[in-house]
Amino acid sequence: MPVTILGDLGGDGLRVAVLVARWNTDITDRLRDGALGALARMRVRPGDVTVVEVPGAFELPAAAAAAARTRRFDAIVALGCVLKGETDHDRHIARACAHGLVDVSVETGVPVGFGVITADTLAQAKARSDERRGAGGKGGHKGIEAAEAAVRLANAIRGLGRRGRPRPRARS
């Protein structure tokens, strides 16, 4: 019979870094508030949450790497908003951000919840950061979804460690 390891939404004892890009703050503040509310509902203690503000989405991977290297956090939630402009600059920023955050998670073993909205319009971004939609609704709330994904994966990784398998370690 196969063993199933469940990454549940119980945040008891987890330490979480919430990284918030300060570009497009009307959206990122909503993402932050949704993520913090979700973490509280998952029973992550307020004292176990550290919020770090960074200039923009492009800087999120560097901040995530720094947070992961401290080994103080079981999970990281990265929040940002990249809106389409007149050039393709937004695509380069979004791609670099996404790849960088994946690399941090894979290389350090610290899960990174991806709460970076990439939208053509401000209205689309607002729809994806609307608390009334909650996680799983049409468009969802990307801050809530990122917090839940980070907690689920942190718990799954903990489950792997309890099974006698080596827990991923940060590179020196």
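The values are calculated or read from the model by the stated rules, or taken from the named source; none is laboratory data. Keep in mind that this is a model prediction, so the values were computed, not measured. Here the Cβ is made from the backbone with ideal geometry for all residues, glycine too, and neighbour counts use every protein chain on show.
Within region 106-120, the residues that satisfy the criterion of being among the hydrophobic types (A, V, I, L, M, F, W, C) and buried (at least 24 other Cβ atoms within 10 Å of the Cβ) are 110, 112, 117. Of the numbered criteria (1) in a helix (DSSP H, G or I); (2) within 14 Å of the chain's Cα centre (by Cα); (3) modelled with pLDDT under 95; (4) under 16 Å from residue 33 (Cβ atoms), the one residue 147 fails is (3). Of all residues in region 16-38, none satisfies being without any contact (Cβ under 8 Å) to a residue 24 or more places away in the chain and among the small types (Gly, Ala, Ser).
The residues in region 143-163 that are among the β-branched types (Val, Ile, Thr) and in contact with a Pro (Cβ under 7 Å, 6 or more places away or on another chain) can be counted, and the count is 1. Checking each residue in region 70-108 for being in a strand (DSSP E or B), over 21 Å from residue 50 (Cβ atoms) and β-branched (Val, Ile, Thr) picks out only 82. Scan region 38-58 for residues that are in a helix (DSSP H, G or I) and more than 14 Å from the chain's Cα centre (by Cα) and the total you get is 6. Looking across region 50-76, the residues that are surrounded by fewer than 18 Cβ atoms within 10 Å (Cβ to Cβ) and not acidic (Asp, Glu) come down to 50, 51, 52, 55, 56, 62, 66, 69, 70, 71, 72.
What about residue 13, is it under 19 Å from residue 149 (Cα atoms), surrounded by fewer than 22 Cβ atoms within 10 Å (Cβ to Cβ) and of a type in the set (Gly, Ala, Ser)? Yes; evaluated as a whole, the condition is true for this residue.
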